[in-house]
Structure formats: structure tokens, C-alpha cells
1. Taking the stretch 185-233, which residues are small (Gly, Ala, Ser) and in a strand (DSSP E or B)?
2. Which pairs turn up if I take residues in the stretch 24-36 that are part of a loop (DSSP other than H, G, I, E, B) and look for partners that are acidic (Asp, Glu) with beta carbon separation below 8 Å, at least 6 apart in sequence or on another chain?
3. In the stretch 37-49, which residues are within 27 Å of residue 181 (Cβ to Cβ) and either in contact with a Leu (Cβ under 7 Å, 6 or more places away or on another chain) or assigned to a helix (DSSP H, G or I) (or both)?
4. Looking only at residues that are touching a strand residue (DSSP E or B) at 6+ places or on another chain (Cβ under 7 Å) and of a type in the set (D, E, K, R) in the stretch 312-342, which one is nearest to residue 293 (Cα to Cα)?
5. Return the residues of the stretch 31-85 that are hydroxyl-bearing (Ser, Thr, Tyr) and either under 24 Å from the mean Cα position of the chain (by Cα) or under 29 Å from residue 224 (Cα atoms) (or both); say none if nothing qualifies.
6. Taking the stretch 135-150 only, how many residues are more than 17 Å from residue 82 (Cβ to Cβ) and either within 16 Å of the ligand (Cβ to nearest atom) or among the β-branched types (Val, Ile, Thr) (or both)?
Amino acid sequence: MNKVKKQTQKTKKRSYFTVGPSQVYPTVDKHLRTAIREQIPSLSHRGKEFQAMYQRTEELLKELLGIPDDYAVFFLGSSIEAMERIIQNTVEKTSFHFIDGAFSQKAAAIAEELQKTVIRHEAPRDSSFDLKKVTIPKNAELIFITENDTSTGLIFLHEYVYELKKQYPEKLIAVDLVSSAPYSPLDFSQVDLAFFSGQKGFGIPAGLSVLIVSPAALKKAEALKAKGINIGTYHNFPTLQKNREKWMTPETPNVLAIYLLQNVIEDMLKQGIEKIRKETDNKAKILYRFFEENKHFSPFIKDQKFRSPTTLVIEVVGGSKEVRERLAKVGIIVGSGYGENKDLHIRVANFPTHTMAQIKTLMKLLSS
Ligand SMILES: *Cc1c(COP(=O)(O)O)cnc(C)c1O
């Protein structure tokens with residue numbers, strides 16, 4: 001025991017470029033201390049302070065991301081959970097999935113496990129979708145999109161989302177924003193469901209997912225319920241909404257994570273979301289240029305237009321293990337490749353918490 005403790009104390013501060021959990025937002029340290037001092041973890045989730053916290057967090061999030069007033073914000077345990085809730089609550093029989101990597105596959109697999117009919121449309125291996133080649137059948141109730149598939153670093157363009165909404169106004173559209181929020185300037189009025197987890201771009205500890213739901217999606221859940229279809233229990237949309245009307249949650253939620261999210265959003269609003277987005281673009285540009293010009297690396301997604309600015313997936317000549325280990329020795333943690341690409345790729349997060357100075361240090365170490 002003693003030995004372990006000593007080792008932890010000696011650990012030098014690391015820079016986490018991992019795609020999730022990632023490095024926490026710089027102000028989280030201060031907010032955590034305040035939370036303990038103010039005994040936030042002991043707050044009742046049925047009390048006035050929690051109610052105010054829920055309401056304020058929803059209002060701040062709507063301001064930060066430009067979410068319409070009449071959309072609901074629900075708190076869930078994880079984004080994998082959000083995938084399951086979306087399928088349960090909005091699909092009676094058939095869902096349509098754009099597949100651009102392992103996370104979009106996950107949502108489709110969940111729909112199958114819930115015994116829905118699943119239609120998959122797969123992107124070519126390292127480029128994006130050609131909407132002209134896509135027809136979505138009439139019976140598909142939901143279009144499921146992964147905006148930034150963290151396993152491949154492939155993005156789904158917003159112009160495609162809006163085109164789909166125009167072509168299929170009667171279908172619900174769900175967007176996984178897990179590794180692109182808050183960077184993503186998505187027009188939420190064009191989609192019905194969107195979700196993200198705290199441990200990626202917002203830089204708070206894992207264990208909280210935020211699900212944004214349009215009035216149309218809520219109505220669909222109520223209709224399915226009225227038809228006698230199983231839409232789940234404590235976290236079905238009508239139950240979440242009934243509780244939300246009192247700024248409560250059906251279960252004891254992750255109050256500490258909600259507190260941290262509220263405070264981090266406040267900090268981001270002070271920075272200004274436009275500034276955060278511009279900095280993300282600048283950092284992405286510099287990083288991609290570096291990986292293109294260095295002969296040991298090349299971006300996995302070849303077409304620039306479809307490359308993720310927030311989670312870069314990079315092929316490493318001769319394998320990525322040695323590079324990761326060498327960086328780890330000096331306290332820089334980058335992600336491995338996903339699944340079968342574990343030792344072929346590195347993945348580098350470019351979230352609001354990552355500074356230009358850290359990125360320059362990373363590039364310097366990678367070029368030596
Ligand atoms: C990480 C991730 C998820 C899963 O999030 P959890 O909080 O681990 O459930 C889903 N989708 C994408 C794109 C992700 O990057």
C-alpha cells in the first residue's frame with residue numbers, strides 16, 4: 001500500500017492527448033476543490049440547489065451551443081446509454097445508420113440487439129459518404145449519424161445533415177456529437193436528437209452524458225408508449241421529461257459531474273465559443289500539416305475535407321507502439337489506434353483544453 005502511494009505522489013504531471021477520457025479542462029481542478037468545500041456531492045437531488053443547477057446547466061448549454069429553447073436536455077450515464085435510449089424511444093421497427101467507424105457500428109448493433117430492423121450505409125474506407133448514392137427507405141423512422149467517428153477520424157459534414165433533413169423532413173435525425181462537441185457548430189434546429197459525453201471535449205470526468213431531445217422526438221416516444229411498445233423504464237423520454245419539468249432526474253444523478261459541466265460551460269462562455277472554435281481550427285491545421293510533412297506519419301483520412309479537427313487519426317510508419325511508449329516516458333500520452341489499428345495508428349485529441357504550447361511540444365518530440 002505504502003509503496004503504491006509513494007509512486008502516485010511522485011508521478012509527474014502528464015499531458016493527455018488521448019481522445020477520451022482526455023485531459024481535463026484547466027479550471028476543473030479549482031471547481032473540484034470548490035465542490036468539495038461546498039459539499040456538492042452530498043446535495044440532495046430532490047432539493048432546490050440541485051433544481052437550480054439542472055436549470056442553469058441546461059440554459060448555459062443552450063447558450064453555448066445555440067440549442068432551440070423548446071428542446072429538452074437530459075442527463076444520462078454514458079453516450080453508449082444515449083444510443084440505446086434513442087433507439088428505444090424513437091424507433092418502432094426500422095432505423096437507418098450511416099457507418100463511418102466503430103462508434104456508428106455500435107449504435108447499429110444496439111438497434112439490432114433491441115430487435116429493430118437496421119439498415120446500414122457504410123462509408124468507403126477512408127473517405128466520406130456520397131449522398132447522391134444514398135436512398136433511405138420510406139419505412140426508416142430514424143436516421144442515425146455519427147458526426148465525428150473517433151475510431152477513424154472521419155467526419156460527417158453538416159451540409160449533408162441539412163440536406164437529409166430537407167429530403168426526409170418526416171424522419172427523425174440523431175447525431176452523435178461525443179467527440180466533436182462543443183467545437184461543432186451544428187444547427188440543432190435541423191436535428192432531433194444529439195448527445196455527448198463529459199470526458200471528451202468538455203474535459204470533465206467520465207460518467208455523464210448529455211442528451212438533447214426535440215419536441216418531435218419526445219412526441220414519438222409518447223406515441224410508441226401509447227401503442228404499448230417497450231421504450232425502457234426509468235430513463236425513457238416521457239419519464240425523463242416529467243422529472244425535468246421539476247428540474248429533477250428519475251434517479252440519483254451524477255451531481256458532481258453536472259456541477260463541473262455547469263462551471264466548465266461558464267468558463268467556455270467567458271472565453272467565447274467562436275474563439276474556442278477558431279483555436280481548434282488553427283491547432284488542427286498545424287497538426288495535420290506536421291503529420292503530412294513528416295515522413296514517419298500520414299493522416300488516416302486522405303481527403304482533407306473529411307478529416308476530423310478534434311480527433312486526429314494518424315498512421316505511423318513501422319507501427320505506433322514505440323512512439324507511444326517513447327512519448328509516455330516524458331509524460332505525453334497519445335491514444336493508440338482503435339481496435340485492429342491499435343498498433344498501426346496514434347490518435348491525438350485536439351480539444352479546448354489542449355493548448356497551442358502543448359501541441360508544439362508534442363510535435364517537437366514527435367520529430368526527434
Ligand atoms: C467515446 C464515444 C462514445 C461513447 O461514449 P461513452 O461515454 O464511453 O459511452 C460514443 N460515440 C463516440 C463518437 C465516442 O467517441
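The values are calculated or read from the model by the stated rules, or taken from the named source; none is laboratory data. In this text, all values refer to a predicted model and were calculated from it rather than measured experimentally. All Cβ positions, even for glycine, are placed from backbone atoms using ideal geometry, and neighbour counts span all protein chains on display.
1. The answer is 194, 197, 209.
2. 25/267; 27/267
3. Within the stretch 37-49, 40, 41, 49 meet the criteria.
4. The extreme case among them is 315.
5. Within the stretch 31-85, 54, 57, 71, 78, 79 qualify.
6. Residues that pass the stated criteria total 2.
Let's see how each residue does on (1) more than 16 Å from the ligand (Cβ to nearest atom); (2) in a helix (DSSP H, G or I); (3) of a type in the set (A, V, I, L, M, F, W, C); (4) under 22 Å from residue 333 (Cβ atoms):
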| site | (1), (2), (3), (4) |
| --- | --- |
| 235 | no, no, no, no |
| 247 | yes, no, yes, no |
| 250 | yes, no, no, no |
| 253 | no, no, no, no |
| 262 | yes, yes, no, no |
| 281 | yes, yes, no, no |
| 288 | yes, yes, no, yes |
| 305 | yes, yes, no, no |
| 312 | no, no, yes, yes |
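Let's see how each residue does on (1) within 30 Å of residue 46 (Cα to Cα); (2) under 17 Å from the mean Cα position of the chain (by Cα):
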{"position": "147", "(1), (2)": "no, yes"}
{"position": "154", "(1), (2)": "no, yes"}
{"position": "158", "(1), (2)": "no, yes"}
{"position": "178", "(1), (2)": "yes, yes"}
{"position": "222", "(1), (2)": "yes, no"}
